[in-house]
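The structure under discussion appears below in the form of structure tokens.
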Amino acid sequence: MSLYIGLSQWSHPDWPGQLLSQGLKTTEHLQDYAKVFNSVEGNTSFYGVPDTNSLARWANHTPDDFRFTFKFPATVSHQGQLVENSATALSFIEQLAPVREKLGMLMLQLPAACGPEQLHGLEHLLNALPDSLQYGVEVRHPAFFAKGEAERQLNRLLLNCGANRIIMDSRPVFSCPPTTPALADAHQKKPNVPVHIISTGNAPLIRFIGHPDPNYNHRFWQPWLPRIQGWLDEGKSVYLFVHTADNQFAPMLAAEIAAALQHPLPEFPGLAPSPQGQLF
């Protein structure tokens, strides 16, 4: 039973003094982040493979039980046909050798244009990948949320391949009009897809996109608690990555959810009360 909780990044301009210590170099932020969270959603790899020196440094800056969950590069998920991209995917995995022992899940985020006609290519790609790693697939095509034959085929494929269907819960940010620049940006960039709760592999992964105002979030994350606990009781690992529209308060939201799951995070300055009982 393993619960991995993290954010979509380990560095943010508003986090020094909250999640991170003041005065650190950017290259030192991961060390502080990893004192609180045991996983991170590595989005930078979508745009390019991190260099070997960076990967080695990240491995050295994290404890043994920390897990990186990198995205496959766009050259695998968004360019050409999936059936043709196995070699590119395998090359990417080879380049991650410095963090191999700390790889939690590799995420294949498919574009909205990738529909049922690509299922054969998806199956070919997943079958070409090493069995020793975990994989998650995030889909955005409407047919995969219509509860029809296309979705059934996708779910069967993932079950047969032992891959996890990544669950996106973006309801909080779409629960009200975009009244701030951060919300407007989230409304443009985040997928507004139904939440289909299914575990097709041994490591369900939830991407929870919270509202910047904490008052909007509780009614959306609270129902996740028994589901997550049920998966843990089945012996599955669960990954929960918490975002907010601007990510300023994502660490606090993640800590609130972790405490409700009875897996409290280590204290960090943004949560610890001062002697006067105030937050600082």
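The values are calculated or read from the model by the stated rules, or taken from the named source; none is laboratory data. Computed from a predicted model, the values in this text were never measured in an experiment. In this analysis, Cβ positions are derived from the backbone assuming ideal geometry, glycine residues included, and neighbour counts consider all displayed protein chains. Remember, those area values only see protein heavy atoms, side chains included, never the ligands or the DNA or RNA. Shrake-Rupley method; radii C 1.70, N 1.55, O 1.52, S 1.80 Å.
Which pairs do you get when a residue that is touching a residue at least 40 places away in the same chain (Cβ under 8 Å), found in region 120-136, comes within reach of a residue that is open to solvent by 60 Å² or more (accessible area, probe 1.4 Å) and charged (D, E, K, R), reach meaning Cβ atoms under 8 angstrom, with the pair 6+ apart or on two chains?
GLY121/GLU84
Quick check on region 262-273. Is at least one of its residues open to solvent by 10 Å² or more (accessible area, probe 1.4 Å) and touching a Ser or Thr at 6+ places or on another chain (Cβ under 9 Å)?
yes
Tell me whether region 234-244 contains one or more residues that are in contact with a helix residue (DSSP H, G or I) (Cβ under 6 Å, 6 or more places away or on another chain) and either surrounded by fewer than 18 Cβ atoms within 10 Å (Cβ to Cβ) or farther than 22 Å from VAL40 by Cβ (or both).
Within region 234-244 (the criterion being in contact with a helix residue (DSSP H, G or I) (Cβ under 6 Å, 6 or more places away or on another chain) and either surrounded by fewer than 18 Cβ atoms within 10 Å (Cβ to Cβ) or farther than 22 Å from VAL40 by Cβ (or both)), the answer is no, since none of the residues qualifies.
Does region 208-220 contain at least one residue that is part of a loop (DSSP other than H, G, I, E, B) and small (Gly, Ala, Ser)?
Checked against the condition, which is being part of a loop (DSSP other than H, G, I, E, B) and small (Gly, Ala, Ser), region 208-220 yields no hits at all.
Within region 121-169, track down each residue that is surrounded by fewer than 19 Cβ atoms within 10 Å (Cβ to Cβ) and in contact with a Gly (Cβ under 6 Å, 6 or more places away or on another chain).
Those that are surrounded by fewer than 19 Cβ atoms within 10 Å (Cβ to Cβ) and in contact with a Gly (Cβ under 6 Å, 6 or more places away or on another chain): ALA143, GLY162.
Please indicate, with yes or no, whether at least one residue in region 23-46 is within 21 Å of ALA259 (Cβ to Cβ), modelled with pLDDT under 95 and either small (Gly, Ala, Ser) or open to solvent by 10 Å² or more (accessible area, probe 1.4 Å) (or both).
No, there is no match, as no residue in region 23-46 is within 21 Å of ALA259 (Cβ to Cβ), modelled with pLDDT under 95 and either small (Gly, Ala, Ser) or open to solvent by 10 Å² or more (accessible area, probe 1.4 Å) (or both).
Going residue by residue through region 127-144, is there one that turns out to be in a loop (DSSP other than H, G, I, E, B) and among the β-branched types (Val, Ile, Thr)?
yes
Can you tell me which residues in region 75-100 are open to solvent by 20 Å² or more (accessible area, probe 1.4 Å), farther than 22 Å from LEU55 by Cα and touching a residue at least 24 places away in the same chain (Cβ under 8 Å)?
Our first condition is that a residue be open to solvent by 20 Å² or more (accessible area, probe 1.4 Å); within region 75-100, this holds for 75, 78-81, 83-84, 87-88, 90-91, 94-95, 97-98, 100.
Keeping just the survivors that are farther than 22 Å from LEU55 by Cα gives 78-81, 83-84.
The answer is HIS78, GLN81, VAL83, GLU84.
Restricting attention to region 47-57, which residues are modelled with pLDDT of 95 or more and either among the hydrophobic types (A, V, I, L, M, F, W, C) or touching a Phe, Trp or Tyr at 6+ places or on another chain (Cβ under 7 Å) (or both)?
Correct list: LEU55, ALA56.
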